Amino acid sequence: MNILLGILSHRSLVLASLGYFATACANADELVFAFRVLPPYMVKLENGQYSGSHVEIMQKLSQAVGASLVIKECPLARCIRMLQDGSADVAMGLAPTPERAPYMAFLSPPYAHGTPTYFFQRADDTRTIRSFDDLRPLRIGVINGVRYFDEFDNDKTLLKDLATDNHQNFAKLLAKRIDVIPLGANAGAATEALPEFTGKLKRAEYVRPNPVERYIVLSRKSGWMERRNQLESRLAQLVNTGVISQIMNRYETATPAGCKSATQC
């Protein structure tokens, strides 16, 4: 009887192992991209399809490693949790910080230089923002989970008001619930172009340079960590051959204008 139970237990273990192996193999060639709406990088079209520079870059990278790209849409805070638990493999648009290092690997090489940060006000707001200190009396709209720049992120005296995404943030600005919004040059230009915001916003004189380079993020709990070298090798090819810069040039038109106002990009 004990021998029979042992055989059955062994068989169950083998079947469970085979089932796990089959599941792992089924997912081995998928690259799950944690996607948050952020034009012009990540755009959800009216037909439910996805577009934007980050989407095209991830499509190119997934093709280069022989994987199918699976896009999972999520608010930023949830996207970050998905990277923490490994339910998403990759993301873009996340700055490297010490607190993210334990669960995010930042793939080399970086795919682009950082873009400067604009500060947006209502068009009829007469207050001027020419320096960081001019932000202090103002209510500042920020996105939950976004890292802006160290001086801003670490300053606990600033009046910061959380939102889940940029659209909500700008709606609060127009409703006079907040006074100013920091946002990268390209995302800011895309927001200004939306019909509901056209003519209702202005950029402050203060522009913050951003020397931080831009990386593709890989979850440390992703099965792709074992193939990190392959991802980085294919990424380097896309960077060095100009494929990524060509994609970005079609979407990210605001960066040169932003760089003229900032002292560096």
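Residue-wise test of (1) out of contact with any helix residue (DSSP H, G or I) (no Cβ under 8 Å at 6 or more places or on another chain); (2) crowded, with 16+ Cβ neighbours inside 10 Å; (3) not assigned by TED's automatic domain parsing to the domain that holds Val239.
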site: Arg136; (1), (2), (3): yes, no, yes
site: Ile140; (1), (2), (3): yes, yes, yes
site: Asn154; (1), (2), (3): yes, no, yes
site: Thr157; (1), (2), (3): yes, no, yes
site: Asp161; (1), (2), (3): no, no, yes
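Residue under question is Ile178, and the condition is that it be among the hydrophobic types (A, V, I, L, M, F, W, C), at pLDDT 95 or above and within 20 Å of the chain's Cα centre (by Cα); does it hold? Judged against the criteria, Ile178 is not a match. Residues of region 113-147 that are assigned to a loop (DSSP other than H, G, I, E, B), modelled with pLDDT of 95 or more and of a type outside the set (D, E, K, R): Ala123, Thr126, Thr128, Ile129, Ser131, Pro137, Leu138. Residue count for region 61-86, restricted to those that are buried (at least 17 other Cβ atoms within 10 Å of the Cβ), touching a helix residue (DSSP H, G or I) at 6+ places or on another chain (Cβ under 8 Å) and either assigned to a loop (DSSP other than H, G, I, E, B) or among the charged types (D, E, K, R) (or both): 1. Is it true that some residue in region 216-232 is under 23 Å from Pro116 (Cα atoms) and at pLDDT 95 or above? Yes: one or more hits. Gln168 meets each of the listed conditions (1) part of a loop (DSSP other than H, G, I, E, B); (2) surrounded by fewer than 18 Cβ atoms within 10 Å (Cβ to Cβ); (3) polar (S, T, N, Q); (4) under 20 Å from the mean Cα position of the chain (by Cα) apart from (1). When Asn186, Asn210 are screened for being more than 16 Å from Asp124 (Cα to Cα), of a type in the set (S, T, N, Q) and assigned to a loop (DSSP other than H, G, I, E, B), only Asn210 passes.
The values are calculated or read from the model by the stated rules, or taken from the named source; none is laboratory data. In this text the structure is predicted, and so the values were computed from the model without any measurement. As a convention, Cβ positions derive from the backbone with ideal geometry for all residues, glycine included, and neighbour counts pool all protein chains shown.
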